[in-house]
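Heads up: the structure comes next, in structure tokens.
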């Protein structure tokens, strides 16, 4: 009787605990957004600007920043990888060099850069998260070797959860094996 009770309690515990939610691994070296928000609030309070003027100025600044970010992201090159690889291909090295030049330009010097590692649909979730992270790290290493400040770079892996193409063919899978650049204030 005790064994049945213990087995029942154990089964109930397993049933109610379930599986944990997976979250992407993130390497954030600094949080510039919070600093910008705190600086805006402090400047408004020091200068005695009323809250309505401060909101209007913040909206204008936000629109300008968003426009600059959109321009930079259009110029940034996507780095593609071979199946099950995280080393940068020879044909992708000039693109990494262009991205390093863009990151070091005056237009981008005030922004942090998030490197997003992505994979195709093959392999387990865990494997693809790890592979996406390795891809982002290899691009980060190349950028720092080309003179980009490592403190401005952060990496994240989306594994196979962020496809740009959902067809089931080689051309589509090749598009999903990539590292993308996102600029952050």
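Each value in this text was obtained by applying a stated rule to the coordinates, not by laboratory testing. Model, not experiment: these values are computed from the prediction. All Cβ positions, even for glycine, are placed from backbone atoms using ideal geometry, and neighbour counts span all protein chains on display.
At R0 = 41 Å, how high is the FRET efficiency between residue 166 and residue 98 if r is their beta carbon distance? Nearest 0.05 is fine. Kindly include the intermediate steps, with their values, before the conclusion.
Working: r = 28 Å, r/R0 = 0.69.
Between residue 166 and residue 98 the formula returns 0.90.
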Check: In what order do 179, 96 fall by count of nearby beta-carbon atoms within 10 Å, going from fewest to most?
Finding: 96, 179
Notebook entry, point to check: By counting other Cβ atoms within 10 Å of each Cβ, how are 146, 131 ranked from fewest to most?
Noted result: 146, 131
